[in-house]
Amino acid sequence: MRIKYSSNPFPAVGAPGSWQGYQSEVRWVWHPNVKPGEAAVLAFRLPFKLDAPATVRLHVSADQRYELFCDGERQGRGPERGDPAHWSFETYELALSAGEHLLAARAWWLPNDGSPMAQMTLVPGFLVMADGEHAELLSTGSAAWQVCRMDTYTQEPVHIRAYFVVGWSFNIEGDRIPWGWQSDPNAPGDWQPVKTLRVPVGGKHNPYYGLETSDRLPAPFLVPAQLPPMMEEQRNLGIVRQAERQGPFTSLVSTERNDPALAKAWQNLLDGEGPLTLAPGSEQRLIIDLEDYYCVFPELVTSSGKGTTITLGYAESLFENSGEQRPTKGNRAQVENKLFIGPHDRYVLDGGLARGYDTLWWRCGRYVELSITVTDEPVTIDRLAWRETRYPLENQAQFNSSDPRLAAAVPMMFRTLQMCAHETYMDCPFYEQLMYVGDGRLEVLVTYLTNAECRLPAKSVQLFDWSRAADGLTKSRYPSQIPQVIPGFSMWWVAMVHDLLMWRGEQETVRKMLPGVDAVLSGLELYLAYSGLLSAPRGWNFCDWVPTWQAGIPPEGVEGFSALLNLQYLYALQRGVWLHQAFNDQHLAAHWQQLADTLKQAIVSTFWDDTRGLLADDPAHSLYSEHVQALAILTGTLDSARQAVMVRNLLSADMARCTVYFSHYLLEALAQVGEMPAFFERLAFWFDLSAQGFKTVLESPEPSRSDCHAWGAHPIYHYFTSIFGAKPAAPAAAKLRICPQPGPLTQLQGTFPHANGGEVGFDLQVTDARLSGSIALPDGVSAVLVWQGIERELAPGLNRI
């Protein structure tokens, strides 16, 4: 089983291409006949014998991925996603009896277009290091490991009219699988001794010899995996929405072609009620509704039917049959007269008994298309099920109120977060699987209010710190094979560091990131003009998917002076000041404060429009947006008189509106100025999603590309921080400032986890502007309650209001 392991047994092992490996008998290994840059899926095996029962500890890694088995039982997957400078290994402890055993692994390396964009790589390799007395018996480099090439996994074309970078779909040929390789030391296949990578030219006594020759590459540095194993739980899922017998089939769904008897037979299979046998020469097609959004490894078990082909396709939603270049989706629960468009895996059966087929990487969505063409031999589908996979993140918070719509929207929003939480957070599981700063900050904030977990949030902040380039800016997304810079996202990363300190503490982690914070702020400082304003930095200055903003870039965001980018920089500077003050670094705090003060004055003098009573998006005062007004409120840019005017006009003027993503900042701003009617009006967008057939929150207003985008889970955060009104007033939320803003609500009740392991609870009633009830605080946590301008100190434990 996988265990938590925080030390590092690899001080002298290194990785593929590393001279450090020359000082150890442990080596990275690979197939002797696989050429560099060539896609390869390999099976490794090591039969071994123990003279007495023992607990064996193994440290395992691969570039790119592996699955580890012992005596036929899967022990885990890895390595946890990172970058070449921080390459993860997992640690396993196996309690084994005396006698014969088999270690086995499936490891693979795919070219850039074959692996997800988020999968970085350096040199293909597989590595096992056993501790102590078992090192020579089991470690790669000393033990007699064997390898067999699986040529069964090849690329299956994907036809999707959108940015789609999650790696290959697969054509999987059963007669090329060395069946039994996980459990049988005599499984068939072209097994060969493994090739040891980078054999030292000068030997272990002269490891520097030949270090800079052309065949040597920089090495990833091995670090312990930070996260727990991803959840994998078998599910019997799905309702057959259509089943038809006769081809040729089209992607169009029509219930007129539905065969009820066939649908019933397949439904019994999906429900786990027994196998299904199909006649020779038959053809069938099904549309299966999983009834929720899932990230899954498929489990297809078949018997007989040599040459039969089965395809499994996945889609978030079906598309309307409109004939448009970019078809729309309509109600997500409807399938009639719609098109199935999505990636498919194709399985060609070898005809053996109880053959289990799967994929190298998980699939996701709500709908599954199954097509099957049986050859001249009957085939039995023994099982069709799925193993749900994701980060083991569960909702530990609850929120109820006098408006049931708020609580009713929570499961959908939290499901969106779960589907976008794996070895990193993700913008979306279907199209990209990339962790972006803008998305990630909101995902982390929701996590802070719903789960005591801090490993995934801390890792996300740390990864972006590792991504910084020579100009100081972070990458907009990381890990990623192709670098991308969104300067505004570097600014949000500074806010992520501040969030980590205030919500979870993690002072040592945050302290190590302060040089990165200064690098970001300094890198952007170079774009300040004589006017004191920030000119548009180099990169993709995306801010929000506003329909009138090309590529999400605000006015003046390509060249010139954008009010929104200047306010984002001010927002980051203010958090840089607070971070340095928290660590008593007054010199840098003063420097960033002076810069922030100068920038604030320049923003007001350039963008304030007395006639409109708003801050303009551009110096010419020709365009306006909610985004600029929201950040002006959150940064305290305007004096009280001007802000009062601006808030009135924000609620009534015609301007560019925040979409799903940037609504987070608008909601926070509306709560800060007490405009709760407008706040609740904006929440109606989320309340209406269920009636439109959604199971998760979409990326942007229709027509939306992604139906599962976790930046849209942010209202959960606002339930607790804007409506109940609790925010940290000290690092690790050791003190809270609670400013309830119930708006039209007359009752608030709920709990959320605290950094110290306890929870904050509240049960409040509002009657004629009078607040009553109770607030419970964990041990060691105090708070200030603010209501109607009156402040009251709250102590740990139960406080009656």
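Quick check on region 579-610: of everything there that is part of a helix (DSSP H, G or I) and without any contact (Cβ under 8 Å) to a residue 12 or more places away in the chain, which residue is surrounded by the most Cβ atoms within 10 Å (Cβ to Cβ)? Here the residue is 591.
Given the criteria under 24 Å from residue 392 (Cα atoms) and at pLDDT below 95, does residue 423 qualify? Here the answer is no, as residue 423 does not meet what is asked.
Considering each residue of region 133-159, count those that are exposed (fewer than 15 other Cβ atoms within 10 Å of the Cβ) and assigned to a loop (DSSP other than H, G, I, E, B), and give that number.
The number of residues fulfilling the criteria is 5.
Counting the residues of region 661-691 that are in contact (Cβ under 8 Å) with a residue 60 or more places away in the chain and closer than 27 Å to residue 708 by Cα gives 11. Summed over region 392-409, the residues that are crowded, with 17+ Cβ neighbours inside 10 Å and over 24 Å from residue 236 (Cα atoms) give a count of 6. Within the bounds of region 375-391, is there any residue that is over 30 Å from residue 181 (Cβ atoms), of a type in the set (A, V, I, L, M, F, W, C) and open to solvent by less than 10 Å² (accessible area, probe 1.4 Å)? Scanning region 375-391 turns up no residue that is over 30 Å from residue 181 (Cβ atoms), of a type in the set (A, V, I, L, M, F, W, C) and open to solvent by less than 10 Å² (accessible area, probe 1.4 Å).
Evaluated against (1) in a strand (DSSP E or B); (2) touching a Gly at 6+ places or on another chain (Cβ under 9 Å); (3) of a type outside the set (A, V, I, L, M, F, W, C), residue 356 falls short on exactly one condition, (2). When 25, 80 are checked against the criterion of being at pLDDT below 95 and part of a loop (DSSP other than H, G, I, E, B), 25 stands alone in meeting it. Report whether or not residue 108 is among the aromatic types (Phe, Trp, Tyr), in contact (Cβ under 8 Å) with a residue 40 or more places away in the chain, out of contact with any Lys or Arg (no Cβ under 7 Å at 6 or more places or on another chain) and assigned to a strand (DSSP E or B). Spelling it out, it is not the case that residue 108 is among the aromatic types (Phe, Trp, Tyr), in contact (Cβ under 8 Å) with a residue 40 or more places away in the chain, out of contact with any Lys or Arg (no Cβ under 7 Å at 6 or more places or on another chain) and assigned to a strand (DSSP E or B).
Residue-level check: of (1) among the aliphatic types (A, V, I, L, M); (2) outside any loop (DSSP other than H, G, I, E, B); (3) open to solvent by less than 10 Å² (accessible area, probe 1.4 Å), residue 412 misses just (3). Please enumerate the residues belonging to region 510-554 that are open to solvent by 60 Å² or more (accessible area, probe 1.4 Å) and among the β-branched types (Val, Ile, Thr). Correct list: 548 only. When the residues of region 659-687 are filtered to those that are of a type in the set (A, V, I, L, M) and under 20 Å from residue 548 (Cα atoms), the one that is surrounded by the most Cβ atoms within 10 Å (Cβ to Cβ) is 666.
Just to be sure before I move on: is residue 641 surrounded by fewer than 22 Cβ atoms within 10 Å (Cβ to Cβ), touching a helix residue (DSSP H, G or I) at 6+ places or on another chain (Cβ under 6 Å) and over 17 Å from residue 567 (Cα atoms) in the structure I sent?
When the stated conditions are applied, residue 641 does not pass them.
For beta carbons closer than 7 Å, sequence separation of 6+ or different chains, a first residue in region 767-780 that is within 13 Å of residue 735 (Cβ to Cβ) and a second that is open to solvent by 60 Å² or more (accessible area, probe 1.4 Å) and in a strand (DSSP E or B), the qualifying pairs are 778/759.
The C-beta contact set for region 706-727 (first residue within 21 Å of residue 781 (Cβ to Cβ), second residue of a type in the set (Lys, Arg) and not in a helix (DSSP H, G or I), distance under 6 angstrom, 6+ apart or interchain) comprises 721/727; 727/737.
The residue that is farthest from residue 160 (Cα to Cα), counting only those in region 320-347 that are assigned to a strand (DSSP E or B) and open to solvent by less than 30 Å² (accessible area, probe 1.4 Å), is 347.
Is there any pair with a first residue in region 547-564 that is under 16 Å from residue 524 (Cβ atoms) and without any contact (Cβ under 8 Å) to a residue 60 or more places away in the chain and a second that is of a type outside the set (Lys, Arg) and open to solvent by 60 Å² or more (accessible area, probe 1.4 Å) whose Cβ atoms are under 7 Å apart and which are 6 or more apart or on different chains, and what are they? Note: pairs meeting the criteria are 562/556. Looking across region 38-64, just one residue is open to solvent by 30 Å² or more (accessible area, probe 1.4 Å), under 23 Å from residue 88 (Cβ atoms) and out of contact with any Ser or Thr (no Cβ under 9 Å at 6 or more places or on another chain), and that is 55. Number of residues in region 560-578 that are within 32 Å of the chain's Cα centre (by Cα) and outside any helix (DSSP H, G or I): the value is 1. Each residue in region 393-415 was checked for being under 13 Å from residue 450 (Cα atoms) and not small (Gly, Ala, Ser), and 11 of them qualify. Checking the stated criteria, residue 449 turns out not to satisfy the condition of being out of contact with any strand residue (DSSP E or B) (no Cβ under 9 Å at 6 or more places or on another chain) and in contact (Cβ under 8 Å) with a residue 12 or more places away in the chain. Of the candidates 198, 216, the single residue that is modelled with pLDDT under 95, of a type in the set (Lys, Arg) and open to solvent by 50 Å² or more (accessible area, probe 1.4 Å) is 198. Restricting attention to region 555-578, the residues that are open to solvent by less than 10 Å² (accessible area, probe 1.4 Å) and either farther than 22 Å from residue 664 by Cβ or out of contact with any Lys or Arg (no Cβ under 8 Å at 6 or more places or on another chain) (or both) total 14. With respect to being open to solvent by 10 Å² or more (accessible area, probe 1.4 Å), under 22 Å from residue 353 (Cβ atoms), of a type in the set (D, E, K, R) and within 30 Å of the chain's Cα centre (by Cα), residue 299 fits the description.
Entry remark, region 667-712: residues being touching a Gly at 6+ places or on another chain (Cβ under 6 Å) and either within 19 Å of residue 418 (Cα to Cα) or of a type outside the set (A, V, I, L, M) (or both) number 2 in total. For region 224-250, filtered to residues that are modelled with pLDDT of 95 or more and among the β-branched types (Val, Ile, Thr), the residue that is surrounded by the most Cβ atoms within 10 Å (Cβ to Cβ) is 240. The set of residues from region 475-490 being open to solvent by less than 10 Å² (accessible area, probe 1.4 Å) and either among the aliphatic types (A, V, I, L, M) or assigned to a loop (DSSP other than H, G, I, E, B) (or both) comprises 476, 479, 480, 486. Screening 656, 616, 630 for residues that are closer than 18 Å to residue 535 by Cα, open to solvent by less than 70 Å² (accessible area, probe 1.4 Å), in contact with a helix residue (DSSP H, G or I) (Cβ under 9 Å, 6 or more places away or on another chain) and hydrophobic (A, V, I, L, M, F, W, C) leaves exactly one candidate, 616. Across region 361-403, what is the number of residues that are farther than 17 Å from residue 417 by Cβ, among the polar types (S, T, N, Q) and assigned to a strand (DSSP E or B)? Adding up the residues that qualify gives 5.
The values are calculated or read from the model by the stated rules, or taken from the named source; none is laboratory data. These numbers come from a predicted model, not from an experiment. Methodologically, a virtual Cβ is constructed for each residue, glycine included, from the backbone with ideal geometry; neighbour enumeration extends over all protein chains shown. Only protein heavy atoms, including side chains, enter the accessible area calculation; ligands, DNA and RNA are left aside. Shrake-Rupley method; radii C 1.70, N 1.55, O 1.52, S 1.80 Å.
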